[in-house]
Amino acid sequence: MKIIAVIPARYEASRFPGKLMQILGEKTVITTTYQNVVETGLFDEVFVATDSELIFNEIQNHGGKAVMTRQHETGSDRIAEAVQNIDCDIVINVQGDEPFLKLEPLKQLIQVFKEDENQEISLASLKIKLHEKEEIENPNNVKVITDNNGFALYFSRSVIPFHREISYDVDYFKHIGVYAFRKHALLQFSKLEMKPLEISEKIECIRYLEYGMKIKLIETHFVGVGIDTPEDLEKAKKLI
């Protein structure tokens with residue numbers, strides 16, 4: 001089983017333009033992410049897929065691998081273009097703004113496919129329990145609910161589930177945007193038309209659910225910082 005990691009990276013982010021080129025410690029965010037993924041030693045190949053010459057040159061100048069792609073609506077569409085002619089079985093999508101992802105969560109995602117003998121799972125991803133009310137209600141935190149076997153039922157920027165029965169304690173989970181795809185499922189995804197729920201929520205993995213594909217969620221206890229805003233960058237600098 002050949003496993004590769006691809007980091008989709010665009011310069012223009014709606015909430016924090018240029019965030020991947022911000023300095024974190026002594027390196028840019030995107031270089032930090034790339035080097036951390038390489039250092040896990042889990043992948044046959046790691047590269048950045050971008051439509052930005054600035055990001056492309058940044059990775060190349062630091063001895064990394066990068067490919068140029070067209071502009072795309074989602075990171076998954078960008079990765080699909082980048083890997084279509086690459087011989088591989090599993091593609092791990094690591095978000096460029098998640099610089100602190102560690103070894104163990106990535107190993108968990110890979111294990112999902114090693115145990116999926118019937119190849120029923122199209123996509124695997126991560127979730128982490130939320131505890132603070134502010135974090136649960138923050139629309140920048142995508143929430144996910146799953147069935148008893150860990151398969152995604154829905155993702156939303158809204159609070160799900162709605163806590164109507166206050167005598168019962170309910171758990172809330174944040175979706176961490178690290179995806180592991182079967183290559184054929186990723187290529188199929190890129191050919192599918194966006195449907196209303198994905199367009200409304202601006203959450204790309206909803207497209208899989210709308211077309212009936214299975215997404216396996218693995219709970220992790222890893223706490224990092226996804227850099228979506230300038231405030232997140234300051235939190236990340238403190239972690240460094």
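Laid out as a table, the results:
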| read-out | value |
| --- | --- |
| The range 118-210: chymotrypsin sites (Phe, Trp or Tyr not before Pro) in DSSP coil with no more than 15 other Cβ atoms inside 10 Å | Phe162, Tyr168 |
| Longest exposed-site-free window of the chain, the sites being trypsin sites (Lys or Arg not before Pro) in a DSSP loop that have at most 10 other C-beta atoms within 10 Å | 71-163 |
| Under 5 Å, built H, 5+ apart or other chain: amide partners of Thr146 | Leu153 |
| Residues with amide H under 5 Å from that of Leu130, placed H, sequence gap 5 or more | Tyr172, Phe173, Lys174 |
| Residue-by-residue Karplus 3J(HN,Hα) for the range 126-140, coefficients 6.51, -1.76, 1.60, Hz, glycine and proline x | 10, 9, 9, 5, 9, 10, 8, 4, 4, 5, 5, 8, 6, x, 6 |
| Theoretical FRET efficiency, 1/(1+(r/R0)^6), r = Cβ-Cβ of His163 and Lys202, R0 25 Å, to 0.05 | 0.55 |
| Stretch gain in nm, segment Ala13-Glu117, where the contour uses 0.36 nm per residue and the Cα spacing is subtracted | 33.6 nm |
| Other-chain or far-sequence residues with amide H under 5 Å of Ala66's (modelled H) | Val48 |
| The range 1-107: GluC sites (Glu not before Pro) in DSSP loop, at most 14 other beta carbons within 10 Å | Glu12, Glu26, Glu73 |
| Pairwise FRET efficiency - Glu132 versus Asn36, Cβ, R0 = 25 Å, nearest 0.05 | 0.45 |
| Using a Förster distance of 30 Å, the FRET efficiency for Lys27-His221 (Cβ separation, nearest 0.05) | 0.70 |
| Sparsely packed GluC sites (Glu not before Pro) within the range 121-154, loop by DSSP, other Cβ within 10 Å at most 16 | Glu132 |
| The range 134-190-the range 54-82 distance, computed between alpha-carbon centres (Å) | 27 Å |
| Largest to smallest principal axis extent of the C-alpha atoms in the chain, angstrom | 57, 43, 33 |
| 3J(HN,Hα) from dihedral phi, the range 47-54, Karplus parametrisation 6.51/-1.76/1.60, rounded to Hz, x for glycine, proline | 8, 9, 10, 9, 9, 10, 5, 4 |
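Bear in mind that the values in this text are calculations on the coordinates, not laboratory data. This one's a predicted model, so the numbers in the text were calculated from it and none came from an experiment. Backbone-built Cβ (ideal geometry, glycine too); neighbour counts: all protein chains shown.
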